[in-house]
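Reading through the structure tokens given below for one structure.
The values are calculated or read from the model by the stated rules, or taken from the named source; none is laboratory data. Model, not experiment: these values are computed from the prediction. Every residue, glycine as well, gets a Cβ built from its backbone with ideal geometry; the counts of neighbours run over all protein chains shown. Protein only, heavy atoms only, side chains kept; ligands, DNA and RNA dropped before computing areas. Shrake-Rupley method; radii C 1.70, N 1.55, O 1.52, S 1.80 Å.
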Amino acid sequence: MNTPPSPPGAERSAGSSVRIGALVPLTRPGWVEAGRHLLAGLELAVRDVNDAGGIAGRPLELVVRDTAADPQRAVAAVDELAGLGVAALAGEYHSVVARAAAARADALGLPFLCSSAVLDALTEQPTKWVARLAPAQSRGWRIYADFLLGAGHGRIAVAAEPSVYWASGTRILRDHLAARGGTVTELDMRALAPTAVCDELVGNRATALLLLVGNPEPAVSIVRSVRRDQRLAEIMIGAPAGQPEFAEWATSLGDDGAAIPFLRYLPERLGPLGARVETALRERLAETPSFVAFEGYDTVAVLADALRSHGADRARTAESWPRVAVEGTRGQIRFSRTPGISVWQWTWTPIQVVDRDPAEPDRFRILHTG
């Protein structure tokens, strides 16, 4: 497995360090740009923790493993990291991968703070070992559905690939919209070329198309096809999973990538800590940090607080989730039990619906908050 270099200083003090295992998609077919931002946030927070004295004088060390969006690879990494004696697990962006990692962490009794994955059923049964910073998919995607209705869109088409994550999203949208008179038509992207999607949209009289597909492909090709079809000049394209958040989107699509609303987990204004971290992340990434980078930073901030309070004992770390009260980059983080969610959940993660401004594609417009 690919292992990026450890943070500076980790090698000389490895014997006395407190180690956190980090699961990150760093190679294809993983969403590499999301992985790069997640890792930047994790690493920056580790640096800040160590600059502030570490964990009771011991340095914090990140042991990184690339999941490449592969659940089996993630499970093998969890086994390896557990054997290496990490105090806890952090990270992962892809929901299906995080679900596999969470199940394994639960079985091994290894605390796992999931940074980014949103799938409601992260574990089959309630577990004390896993907590999550990202909002549950049911909360975020209902807010997105409310945005669609508020914008006058009741006839929705979804271009979907087979995945537990996409199927869950489609179900949430369909249930929420149906109760308010809306409809959702599913377009199976295993059977349709991007150009054929346009004919389906015309035939269904859809007013909005949602991209529940991989990035960059087939998402980029679908957008290009729809944007070039004069019959669909008025249709809205949306991407609740956040594909347009990253610079790669704007680079691939240019003006075609603007005005595509997506979910982003940031507050309207960052506080002093968030603003400081944003500046440091921008320098580290050489671009605007995504919400995923902030999720990475907050993950380490929470784990460091738990480790300082309870030591590196795994059981005591897991028992501390309900007592967490940490000032993160996006507000105060507390975990609770949420009906229908099997893990400890940061319930009030800030949620926005945003898009790239057509007049200035590098600028984001906040369209709706929840």
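Quick notes on this one:
- Taken together, the residues in region 345-362 that are under 22 Å from Ala293 (Cα atoms) and loosely packed, with under 13 Cβ neighbours inside 10 Å amount to 1.
- Close pairs (6 angstrom Cβ cut-off, 6 or more residues apart or separate chains): under 10 Å from Arg308 (Cβ atoms) in region 40-56, surrounded by fewer than 22 Cβ atoms within 10 Å (Cβ to Cβ) and of a type in the set (Lys, Arg) anywhere: Ile55/Arg308
- Residues that are open to solvent by less than 70 Å² (accessible area, probe 1.4 Å) and either hydrophobic (A, V, I, L, M, F, W, C) or closer than 28 Å to Val97 by Cα (or both), drawn from region 165-184: Tyr165, Trp166, Ala167, Ser168, Gly169, Thr170, Ile172, Leu173, His176, Leu177, Ala178, Val184
- Here Val78, Val86 are screened, and the one residue that is closer than 18 Å to Ile20 by Cβ, open to solvent by less than 10 Å² (accessible area, probe 1.4 Å) and in a helix (DSSP H, G or I) is Val78.
- Residue check: Ala247 meets all listed conditions (1) over 23 Å from Arg142 (Cβ atoms); (2) in contact with a Leu (Cβ under 7 Å, 6 or more places away or on another chain) but one, namely (2).
- Residue in region 244-258 that is part of a helix (DSSP H, G or I), acidic (Asp, Glu), buried (at least 18 other Cβ atoms within 10 Å of the Cβ) and in contact with a Ser or Thr (Cβ under 9 Å, 6 or more places away or on another chain) present: yes
- Gly271 vs. criteria touching a residue at least 60 places away in the same chain (Cβ under 8 Å), open to solvent by 10 Å² or more (accessible area, probe 1.4 Å) and at positive phi: no
Here's the yes/no breakdown for (1) open to solvent by less than 20 Å² (accessible area, probe 1.4 Å); (2) modelled with pLDDT of 95 or more; (3) farther than 17 Å from Ile20 by Cβ:
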residue: Arg264; (1), (2), (3): no, yes, yes
residue: Thr279; (1), (2), (3): no, yes, yes
residue: Ala286; (1), (2), (3): no, yes, yes
residue: Thr299; (1), (2), (3): yes, yes, no
residue: Gly311; (1), (2), (3): no, no, no
residue: Glu319; (1), (2), (3): no, yes, yes
residue: Thr338; (1), (2), (3): no, no, yes
residue: Val343; (1), (2), (3): yes, yes, yes
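- Any hit, region 91-114, residues being among the charged types (D, E, K, R), under 17 Å from Val24 (Cα atoms) and part of a helix (DSSP H, G or I): yes
- The residues in region 207-231 that are surrounded by fewer than 23 Cβ atoms within 10 Å (Cβ to Cβ), within 29 Å of the chain's Cα centre (by Cα) and not in a helix (DSSP H, G or I) can be counted, and the count is 7.
- Residue match in region 129-143 (condition: out of contact with any Phe, Trp or Tyr (no Cβ under 7 Å at 6 or more places or on another chain), aliphatic (A, V, I, L, M), within 24 Å of Pro218 (Cα to Cα) and not in a loop (DSSP other than H, G, I, E, B)): no
- Selected residue [surrounded by 17 or more Cβ atoms within 10 Å (Cβ to Cβ) and either under 20 Å from Pro29 (Cβ atoms) or touching a helix residue (DSSP H, G or I) at 6+ places or on another chain (Cβ under 9 Å) (or both)] from Ala160, Ala193: Ala160
- Of all residue pairs spaced 6 or more apart or on separate chains, those with beta-carbon atoms under 6 Å, a first member in region 140-158 that is of a type outside the set (Phe, Trp, Tyr) and a second member that is in a helix (DSSP H, G or I) are Arg142/His176; Ala145/Leu173; Ala145/His176; Ala145/Leu177; Ala157/Leu201; Ala157/Asn204; Val158/Thr170.
- Taking the listed residues Ala275, Ala241, the one that is under 20 Å from Ser95 (Cα atoms) and either of a type in the set (A, V, I, L, M) or part of a helix (DSSP H, G or I) (or both) is Ala241, with no other qualifying.
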